[in-house]
């Protein structure tokens, strides 16, 4: 999906999820992320900032899977879901 028109709609969809996650009690996101080698990893993250730079849009987040701050290219996120809170 990277580099074609389908990725644009995925970016827009992801931005919508990010806005919900960042506003609603800092819920974590589950993402599937494709690295530069095409490898897919699954991560639990807490978004902190969306950065629009000259080349791509990036998501800064705390990665609970790696237990460290990470920066993700938004167009490399291939799946996203908002954590469901237990009642």
Options 33, 58: the member that is part of a strand (DSSP E or B), touching a helix residue (DSSP H, G or I) at 6+ places or on another chain (Cβ under 9 Å) and without any contact (Cβ under 8 Å) to a residue 24 or more places away in the chain: 58
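Does residue 27 satisfy the condition of being touching a strand residue (DSSP E or B) at 6+ places or on another chain (Cβ under 7 Å), surrounded by 14 or more Cβ atoms within 10 Å (Cβ to Cβ) and at pLDDT 85 or above?
Working: touching a strand residue (DSSP E or B) at 6+ places or on another chain (Cβ under 7 Å): yes; surrounded by 14 or more Cβ atoms within 10 Å (Cβ to Cβ): yes; at pLDDT 85 or above: no.
Taking the combined requirement at face value, the residue does not satisfy it.
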Starting from residues that are more than 10 Å from the chain's Cα centre (by Cα) and surrounded by 13 or more Cβ atoms within 10 Å (Cβ to Cβ), keep the ones in the range 65-75 and report whichever is farthest from residue 27 (Cα to Cα). 70
Would you confirm whether any residue within the range 76-84 is without any contact (Cβ under 8 Å) to a residue 60 or more places away in the chain, buried (at least 16 other Cβ atoms within 10 Å of the Cβ) and assigned to a strand (DSSP E or B)? no
Quick test for you: out of 16, 38, 3, pick the one residue that is out of contact with any helix residue (DSSP H, G or I) (no Cβ under 7 Å at 6 or more places or on another chain), exposed (fewer than 12 other Cβ atoms within 10 Å of the Cβ), at pLDDT 85 or above and not in a strand (DSSP E or B). 38
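The values are calculated or read from the model by the stated rules, or taken from the named source; none is laboratory data. Quantities reported herein were computed from a predicted structural model and do not represent experimental measurements. Don't worry about glycine lacking a Cβ; one is built from the backbone with ideal geometry, like all the others, and counts go over all protein chains shown.
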